[in-house]
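Worksheet: one structure, shown below.
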Amino acid sequence: MVLESILNPKNAEDKPLHVFVIAFAYSIISALLAKHLFPEQSSILTIALITIVFVPFFQKLFEIEEEAEDEAARGKKGNLFGRHKKIIFVFSAFFVGVSVAVAIMYLFLPRDIFTLQMDTLKGFSGAAIQRGSFEMFFLNNSQVMILMFILSTMFGAGAILILAWNASVIGVYVGSVAQSLTGKLGAVAYIYGVPVGLGSLALHGIPEILAYFIAGLAGGILSVGVIRENILSKEFKLIFRDSLAMLVVAEALIVVAAFIEAA
């Protein structure tokens, strides 16, 4: 893969900034290709192209994380999140890279590239007017989290599709915030609006997105463990236990995010 020749998965966990830059660049390339090839379906094809590029990369990362589980089973590694914290930064860099790229494209490219994302945001706006309850946010976000886990377990890094989609929706939202500021701030809005848009989502968005990352990681290492380990082995039992522990933590973060969003 071209991506792996640019950024080696074995070194990527120490280079989240590089992951951000590459996610940013590939997102723009994917959107331009999608617009050129299938303009009517560019909003979903952009996400598909980003996913196709990054799935092998993240699959390699999951294999590296599974090796850390093997070492833990042999008593060579520390606690659960100490073993996997670096990949969370990689997920974050990928997510923010896609979001920022989409926000900038929303401002400077034809809006019809992101038709589905804009329709999704309109639906969110309607729900916001009705003021969603804790139960609604909890159930909706839990469903996404479980889907992340299932896709990662079944397809390795399959949850990248959901991450890329959510990142694109957030990118369109951030772009629309920046656009709304142009009347007051002019060209400065393009610089000021992106951090303002991201900041407006941070309070409830950080625990929510972090929950998705952890669920995706849990499914990813479990998927690799099923393929590489004997199901009755000590290594697989540790992988299975750690995946369940990650899901519990992810669900706790969903509760926190839903409480904040409903407040």
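Would it be correct to say that residue 205 is under 28 Å from residue 61 (Cβ atoms), buried (at least 16 other Cβ atoms within 10 Å of the Cβ) and at pLDDT below 85? First the steps, then the outcome.
On the way: under 28 Å from residue 61 (Cβ atoms): yes; buried (at least 16 other Cβ atoms within 10 Å of the Cβ): yes; at pLDDT below 85: yes.
For residue 205, the condition - under 28 Å from residue 61 (Cβ atoms), buried (at least 16 other Cβ atoms within 10 Å of the Cβ) and at pLDDT below 85 - is met.
Taking the conditions exactly as written (at pLDDT 85 or above and among the hydroxyl-bearing types (Ser, Thr, Tyr)), does residue 212 satisfy them or not? Lay out the reasoning, then the answer.
Values: at pLDDT 85 or above: yes; among the hydroxyl-bearing types (Ser, Thr, Tyr): yes.
Here the answer is yes, as residue 212 does meet what is asked.
Looking at this structure, is residue 77 modelled with pLDDT under 90, assigned to a helix (DSSP H, G or I) and among the charged types (D, E, K, R)? Give the steps one after another, and end with the answer.
On the way: modelled with pLDDT under 90: yes; assigned to a helix (DSSP H, G or I): no; among the charged types (D, E, K, R): yes.
So residue 77 fails the test.
Of all residues in region 217-238, count the ones that are more than 16 Å from residue 59 (Cβ to Cβ) and assigned to a helix (DSSP H, G or I).
5
For region 132-176, give me the residue count where each residue is aliphatic (A, V, I, L, M) and over 13 Å from residue 209 (Cβ atoms). Let's see the steps before the verdict.
Our first condition is that a residue be aliphatic (A, V, I, L, M); within region 132-176, this holds for 136, 139, 144-148, 150-151, 154, 157, 159-164, 167, 169-170, 172, 174.
Cutting the leftovers down to over 13 Å from residue 209 (Cβ atoms) gives us 136, 139, 146-147, 150-151, 154, 157, 160-161, 172, 174.
So the count comes out to 12.
Restricting to region 220-259, name every residue that is surrounded by 15 or more Cβ atoms within 10 Å (Cβ to Cβ), closer than 24 Å to residue 163 by Cα and of a type outside the set (A, V, I, L, M).
Hits for region 220-259 are 220, 223, 225, 240, 242, 243, 251.
Within region 28-54, work out how many residues are under 21 Å from residue 155 (Cβ atoms) and surrounded by 18 or more Cβ atoms within 10 Å (Cβ to Cβ). Before you say what the answer is, go through the steps one by one.
Narrowing region 28-54 to residues under 21 Å from residue 155 (Cβ atoms): 30, 44-54.
If we keep only those that are surrounded by 18 or more Cβ atoms within 10 Å (Cβ to Cβ) too, we end up with 30, 45-47, 49-51, 53-54.
Qualifying residue count, region 28-54: 9.
Name the pairs whose Cβ atoms lie under 7 Å apart, with the first residue in region 225-249 and farther than 14 Å from residue 81 by Cβ, the second of a type in the set (Phe, Trp, Tyr), and 6 or more positions between them or separate chains?
Close Cβ pairs satisfying both conditions: 225/236; 229/236; 230/236.
The values are calculated or read from the model by the stated rules, or taken from the named source; none is laboratory data. None of these values were measured; they are calculated from a predicted model. Here Cβ is always computed from backbone atoms with ideal geometry, including for glycine, and neighbour counts include all displayed protein chains.
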